[in-house]
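Taking it in order: structure first as structure tokens, then the write-up.
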Amino acid sequence: MFEDFINAMQNFRRNKVRTFLSLLGVIIGVASVIVIMSMGASSTAQIADTFGSSGLDFVSVGTSYFSRRAGRAIAITFDEEFREELFDNISDIKKIWYKNTASGTLSYGETSTSSQLIAIETGYLETYGLKLDYGDFFSVTDNASGAQKIILGSEIAGTLFPSGSALGKYITATISNVVFNFEVVGVLKEQVSGMESATTGAYVPRGFYEKKIAPHPAASTVMVQATSSAKAVKLVDTINAYCTEKTGSEYAVSIQSMQSFIDQMSEITNTLSTMLSAIAAISLLVGGIGIMNIMIVTVTERKQEIGIRKALGASPAAIRRQFLVESASITVIGGTLGILLGAAISLAVEYVRSLAYVISFPACLVAFVFSVCIGIFFGLNPAARAAKLDPVDALADN
């Protein structure tokens, strides 16, 4: 077989233009598949980077938009009883956090900015995965006493304190025309954080909200922490089914999970990439047909060589193998060049689009194997023709 490969390379050298045209279809087909799959993988990676890795094990439960739009009463009250019900009736829950929000204006000196004040329970920010640029998180005592302390997002801190540290400074917050003073105890590090904002968020102890804003409030949002990010996807359906059964309405609550959203977006991207790759692979079939036509011409031109080999004792199987190796060699070379070209184009495109470079190795392998199989498949007919030639007739035709 090695000798057949050497003979194929010599034949390619003698017919350079014909060989190049045969390679071109395979190169374009393989390169197209690599580029499409690589861009799909890069887009999937960008989706994950956009939403970050924080909070992927959290599920957000809130009041349904459709319920509010229809003017219905809230079917479920997010009180302590509801928290206990979730723990008792649904598995894969690690912890449940309650949040409340209030719109307000934050001011320091003559500088002010609008923001949502988010009242949280102790330990929520740390568990969610947000990190501090400097300062401290809220303590259990802060929550129990209703301390008027605040943790600012990086953007808000930069707006109110453009020239220095915000730590230990006192800012005023106007909530429903009532003014409160807060001590800044921490500033969040800027990061991609999914359902929470490390840049524009302003967090206060929920104990403050209970004591100064609304005594014994129901939560506006319930953050359910799953035992793992993989379980969070299933937890969305489980909680939704429980709330639907409890209220008799599928619009009772609105449930979101960053992990399920990322999975859905990745699935859509992968599906599109697969469909486009299948379309690109058609060019490989076209290239295969071109290879078959050229191999038929080659068999016709080399009848004398075939006749001489058969007259010297070469078996039909040896003749068939010779032309199959030659056909497969074209696609092996074309597949290799196509992978290199596809990787280079992917690198250039993703550099221009400022995406992370991700090469899909399974796509490279599949495209390469597919191209080789096409070479063998479309080389079968010309190889079979060569094997069936009668040596006397082959020599007589020349």
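The values are calculated or read from the model by the stated rules, or taken from the named source; none is laboratory data. Remember, it's a predicted structure, so these values are computed and weren't measured experimentally. Don't worry about glycine lacking a Cβ; one is built from the backbone with ideal geometry, like all the others, and counts go over all protein chains shown. We work out accessible area using only protein heavy atoms, side chains counted, and drop any ligands, DNA or RNA first. Shrake-Rupley method; radii C 1.70, N 1.55, O 1.52, S 1.80 Å.
The computed Kirkwood radius over Cα pairs in Å for the structure shown corresponds, within (1) 26.5; (2) 21.0; (3) 23.8, to (1). Rolling a 1.4 Å probe across all protein chains gives LYS149 an accessible area of roughly 50 Å².
By the rule of a C-alpha distance below 23 Å, with chain neighbours fewer than 8 residues away ignored, the lysines paired with LYS234 are LYS94, LYS95, LYS99, LYS246.
Largest first, the residues PHE20, PHE82, PHE87 sort by 1.4 Å accessible area into PHE20, PHE87, PHE82. The angle separating the long axis of helix 80-89 from the principal Cα axis of greatest extent in the chain is about 40 degrees. Annotation for GLN304 and THR141: the two label points, set 7 Å from Cα along the Cα-Cβ direction, are 10.3 nm apart. Taking Cα centre as origin and charging only the Cβ of basic (Lys, Arg, +1) and acidic (Asp, Glu, -1) residues, the dipole magnitude of region 223-343 rounds to 760 debye. When ASP237, ASP79, ASP142 are compared by accessible surface with a 1.4 Å probe, the order from highest to lowest is ASP237, ASP79, ASP142.
The sum of -39500 (n - 2.57) across all DSSP H runs of n ≥ 4, divided by the residue count of the chain, sets its helix-only mean residue ellipticity at 222 nm to -19000 deg cm²/dmol.
Using a Förster distance of 45 angstrom, determine the FRET efficiency expected from the C-beta separation of THR271 and SER107, and round it to 0.05. The computed FRET efficiency comes out at 0.35.
Taking 0.36 nm per residue of separation and subtracting the Cα-Cα distance, what length does fully extending LYS131 through ALA348 add? Mind dumping the intermediate values first?
Details: separation 217, 0.36 × 217 = 78.12 nm, distance 3.48 nm.
74.6 nm is the gain from fully extending LYS131 to ALA348.
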